[in-house]
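A short worksheet on the structure shown next.
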Amino acid sequence: MPYRLKTVTLGLAAGLLALASAVPAVAQSGEPIKIGFGMALTGPLAANGKQALLGMKIWEEETNAKGGLLGRPVKLVYYDDQSNPSTVPGIYTKLLDVDKVELVVGGYATNMVAPAMPVIMQKNKTFISLFALDVNAEFKYPKYFSVLPTALEKKASFTEGLFEMAMKQNPKPTTVALAAEDAEFSRNACEGARANVKKFNLKMAYDKTYPPGTTDFSPIVRALQAANADIVIICSYPLSSVGIVQAVNELNYKPKMIGGAMVGLQATVFKQRLGSKLNGIVNYETWVPTEKMMKPAAEFFKKYQARAGAEGVDPLGYYLGGWGYAYVSVLGNAIAAAKSIDDDKIADYLRKNTHKTIMGDWAYGPKGEWTKSGMMQVQYHDIKEGETWKGMNYQTVLTPPELKTGDLIYPYEKAK
C-alpha cells in the first residue's frame, strides 16, 4: 500500500472509531422494545390525543438519551384511531400480530379503550389505559391498569365535587337535570351523577340522552330550561361540550349551577373557541397549573411548550400532554423495576407499588383503578378576550379541599 493511501486509510479508521465511540450506547443495543398503541390524531378527540402523543414522544426521547430500558432503546409504534371505536380492534390486532410489539398501552379515552379490551385479553397482555372511565367493570381483567384520577367510586367522582359545593349553598338547591351524550364515557359519568343525586337526597327533574353526532343543541338546552332544575349536569365529549356551552349562552339559560362532566373544556383549543362563554361553568379537571402541582412537572411542560407550535398541538398541554408522559413513564418504570418485559412481571409490579410521576403519585386497587381520587372541580370566571390560559387567574379549584384555591361563585349568572 502506498504511504499516502495507508495514511488516509488509517486516518479514516481512526475517525470512524472516534465516531463510533461518540454514538450513544443506545444506538448499539440491538432491537428496540416496541410499545404499541392507537391514538386519536384525527377526528373530534384529536385535540387531546395529539397532546398525549407529544408527551409520550418526549418520554421516548428522554429514555433513549439515558440508555433505554434493559440495555435496549424504546420505540413507540402507533396508528391513528381517527376517534372512531370501530378502528380499534384492528389496530391492536395489527400491532400484536404483524408489528410484533412487545407491549401495548391504551389510546385516549374511554370510547377507544373499551373496544381494545377483548383483543388485549385474548393476547394476555398488560394494559395501561389513558383516561378510560370504569372500562374494567365488566371485563374484570387482572392485568388492566387505569391512568385517570378517579378512585373506587369512579363514575361518581366526575361530579361529586359539584354536588358537594352545591349543598353548601343557602338555600340549598333541590332539583337536578341530566343531559348525556349516548357514548361510553358520558353514560358512565351520568350513571355516577345519578348516584350523587341519590346520595345528596335531591330530586331528578330531567334525565335524557342525545345521540353522538348531534349538531343542533338548542332543543336540548330548551328542554333543560323547561325542566327548570337548580343543578344541570352535562356528560359530554368535546364537540357536544362546545355546542352545549354555545347554546346555553345563545338562549340566555341561567340555572344555579351547570357543568360537571364535560370533556373538551380542558383543552386550550376549545377554551379559545368559547372564551368568556365559559364564565360560570363548573367542570371536572384532572390537573391544573397551581404552584404546588406544577413543581414536579415544570421541566416537562417547558419542553412540551417549546415544541408544541412545530408539532401543531395544544400549546400548553395541561390536559393530556403531562398525562401522556406520565402513563408511559409508569410502564417504563415497571419494566426497569421488574427487569423484564414479561407482561405478568410488569403487572405484578404495577399492582404492588406506588407510582411516582410528574402528575402526582398513585397506587392501584381492585380492577386496576386508583386507591385515592385526584379529581377536581373547577369554576371558570373573569375570562376576557385574549386570555392566555396559562395560569390560574381564569379558574378556581373548588374541590378537593387540599387543592382548593377559592370559593364557588353562586348562582351561575353571577359569574357571567
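Each value in this text was obtained by applying a stated rule to the coordinates, not by laboratory testing. From a predicted model like this one, the values you see are computed outputs, not experimental measurements. Note that we place each Cβ from the backbone using ideal geometry, even for glycine, and neighbour counts take in every protein chain shown.
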Using alpha-carbon coordinates, inclination of helix 238-250 to the longest axis of the chain, degrees: 30
When we measure straight from the Cα of LYS372, which aspartates and glutamates land under 19 angstrom away, once same-chain ones fewer than 8 places off are left out? ASP134, GLU153, GLU160, GLU164, GLU285, ASP361, GLU402
Once Lys and Arg are counted +1 and Asp and Glu -1 for all other residues with Cβ under 14 Å from that of ALA227, the total becomes +3
Given the options ASP81, ASP361, ASP134, state which has the largest fluctuation in a GNM of the chain using a 10 Å cut-off (strictly under) for Cα springs. ASP361
Using alpha-carbon pairs under 8 Å, 6+ residues apart, how would you state the relative contact order of the chain in percent? 18
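Using 0.36 nm per residue, how much length does the chain from THR42 to GLU138 gain when fully extended, once their Cα-Cα distance is taken away? Working shown, then result.
Numbers: separation 96, 0.36 × 96 = 34.56 nm, distance 2.85 nm.
Residue separation times 0.36 nm, minus the Cα-Cα distance, leaves 31.7 nm.
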Run the simple label-point estimate for LYS390 and ASP361 please: 7 Å along Cα→C-beta, distance reported in nm. 3.1
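For the chain, give me the percentage of DSSP beta bridges that are antiparallel, rounded to the nearest 5 percent. Present the calculation step by step, with values, prior to reporting the outcome.
Numbers: 13 of 49 bridges.
The antiparallel fraction comes to roughly 25 percent.
For the chain, what is the mean residue ellipticity at 222 nm derived from helices alone (per DSSP H run of n ≥ 4: -39500 (n - 2.57); sum divided by total residues; nearest 500 deg cm²/dmol)?
Working: 15 runs with 167 residues, N = 416.
When only DSSP H runs of four or more count, the value is -12000 deg cm²/dmol.
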Which of ALA183, LEU316, GLN379 sits farthest toward the positive end of the charge dipole of the chain, with +1 on the Cβ of Lys and Arg and -1 on the Cβ of Asp and Glu? LEU316
Please state the equivalent ellipsoid semi-axes for the chain: what are the square roots of 5 times the Cα gyration tensor eigenvalues, largest first, in whole Å? 44, 23, 19
Residue-span extension gain [PHE200 to ALA337] - 0.36 nm each, minus C-alpha spacing: 44.9 nm
Under 17 Å from a point placed 7 Å out from the Cα of GLU413 along the Cα-to-Cβ direction: which residues of segment 196-222 have their backbone N that close? 222
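Please report LEU70, LEU278 as a ranked list, fewest other C-beta atoms within 10 angstrom at the top and most at the bottom. Before the final figure, lay out the partial values.
Details: LEU70 14, LEU278 23.
Going from sparsest to densest Cβ surroundings: LEU70, LEU278.
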Obtain the nm distance between the two label points defined at ARG273 and THR405 by a simple spin-label model: each point lies 7 Å from its Cα along the Cα-to-C-beta direction. 2.4
Residue among LYS168, LYS390, LYS277 with the largest mean-square fluctuation in a Gaussian network model of the chain, springs linking Cα atoms under 10 Å: LYS168
Per 5 Å bin, what percent of the C-alpha pairs of segment 74-195 does each bin hold, from zero upward? 2, 10, 19, 19, 16, 11, 8, 6, 4, 3, 1, 0, 0
Mind computing the radius of gyration and Dmax over the alpha-carbon atoms of segment 340-416? Å is fine for both. 18.7, 56
Could you work out which residue, out of THR396, THR159, THR388, moves most in a Gaussian network model of the chain, that is, has the largest mean-square fluctuation with Cα springs under 10 Å? THR388
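I need the calculated FRET efficiency for the pair ASP97 and LYS292, taking r as the beta carbon distance and R₀ as 51 Å, to the nearest 0.05. Can you show the working numbers first?
Details: r = 45 Å, r/R0 = 0.88.
For ASP97 and LYS292, the calculated efficiency is 0.70.
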